[in-house]
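Below: the structure, in structure tokens.
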Amino acid sequence: MIARACIIPVFVPHLGCRHNCVFCNQRHIAGQTKPADADTVRAALSQAASLPKGAKRQLAFYGGSFTAIPIAQQETLLGVAREAIDRGELDSVRLSTRPDAIDEPVLERLRKFGVETIELGAQSMDDEVLRLSGRGHTAQDVEHASRLAEQAGFSLVLQMMTGLPGADMDSDIRSAKRIIALRPDAVRIYPTVVVRDTELYELYQRGQYREHTVEDAVETCAAILPLFEAAGIPIIRLGLNPTEELSGGLAVAGAYHPALGELVKSRVWRNRAEELLHGVSAGSRVTLGIDRPLLSQLIGQHRANLSWLKTRYGLAELKILPLDTKNREIRLISVEK
Ligand code: SF4
């Protein structure tokens, strides 16, 4: 299980990366160029003292393939964290890495240094998509690494992407289902963004990659999100974290939107409303009810869902009432001709 934690991030941009994944430029995505060393870890840990008391404090190595970094360098970084754990200043460590950089000796080493959570970049479970994205591993590698991590008792977070080269909505949904079958403790979903100074940017410029627009991402993720929800697997992040650099022009195309997660949730409720409105005659006056906390998600940003549903079904009126069911329910309350 994933316990809620205060994360102290340390970025190790591209350290240990054996391949150039076509979409990736961690220096732009994380907005950091200098790789971490022992001093960086100490500086990050000094913030841990100011975290709220009682919170679980977890140091996180992000932005590279941690377990593929030369072992001496891994041990230097992890050693600083281990000392902080031994002093009671830190609870545990989490890190992100590649599926083909996990085996039993690696897991043994991570355990010794207090690592509790492993985030694996699965990205897709379609081997052709993985190949076209320059990942250098297969879906089977993801399955193998996930099994090893789970059997060794680590918390497992799987990261997936939508809209990669060669992917479409169906293949992304199939990938989501294979990821669900691995029973991770949580997932992160990153719809593809075309970032400057990447191979994907070149492909996009040459017309060899069709961008995964915000609308494509919303549609795909709104189909995927209910699958994870039904399986009880939390989505702990949807969409790249907005940064000044990305917003300032480094995100050239694709699914970059500061509120992507909200757009997706809103689309899920629009889809559910559509299921209720099928068969309702044009010109009807309709009232829907939805559990109160979800009201704004159903209405959508700038009332976009309301307008869309009214137009799509030719309704004379569409009212949405809050319900106090507390069970995430949406209901057709009345239809008047
Ligand atoms: S996606 Fe991960 S493995 Fe690929 S280049 Fe970026 S940090 Fe490295």
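Numbers below:
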read-out	value
Lys, Arg +1 and Asp, Glu -1 on Cβ, resulting dipole of the chain about Cα centre, debye, nearest 20	960 debye
GNM top mover of 49, 259, 273 - the chain, alpha-carbon springs below 10 Å	49
Of 79, 261, 207, the one that fluctuates the most in a GNM where the chain has Cα springs shorter than 10 Å	207
Two-site FRET efficiency, residue 50 against residue 319, from Cβ-Cβ distance with R₀ of 30 Å, rounded to 0.05	0.05
Over 31 Å between alpha carbons, listed pairs 34/112; 177/326; 177/310; 112/177	177/310; 112/177
Approximate spin-label separation residue 310-residue 7, in nm, with each point projected 7 Å along Cα-to-Cβ	4.0 nm
Helical mean residue ellipticity (222 nm; -39500 (n - 2.57) per DSSP H run of 4+; nearest 500) of the chain	-11000 deg cm²/dmol
Listed residues 233, 71, 224, most fluctuating in the chain (Gaussian network, C-alpha, under 10 Å)	71
Solution diffusion estimate, µm²/s, Stokes-Einstein, segment 202-245, Kirkwood Rh from C-alpha pairs, 25 °C, viscosity 0.890 mPa s	191 µm²/s
Cα centroid of segment 235-257 to Cα centroid of segment 163-181, whole Å	21 Å
Sites residue 287 and residue 128, calculated FRET efficiency, Cβ-Cβ separation with R0 35 Å, nearest 0.05	0.15
Fewest-first sequence of 307, 65 by Cβ atoms within 10 Å of each Cβ	307, 65
R0 of 22 Å, Cβ-Cβ distance residue 37-residue 247: FRET efficiency to nearest 0.05	0.15
Reachable aspartates and glutamates from residue 56, criterion Cα separation under 13 angstrom, eight or more residues apart if same chain	89, 91, 116
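Quick note: the coordinates plus some simple rules give every number you see, no bench work behind them. Only a predicted model underlies this, so the values are computations on that prediction, with no experimental measurement involved. Ideal geometry is used to build each Cβ from the backbone, glycine not excepted, and the neighbour counts take in all protein chains shown.
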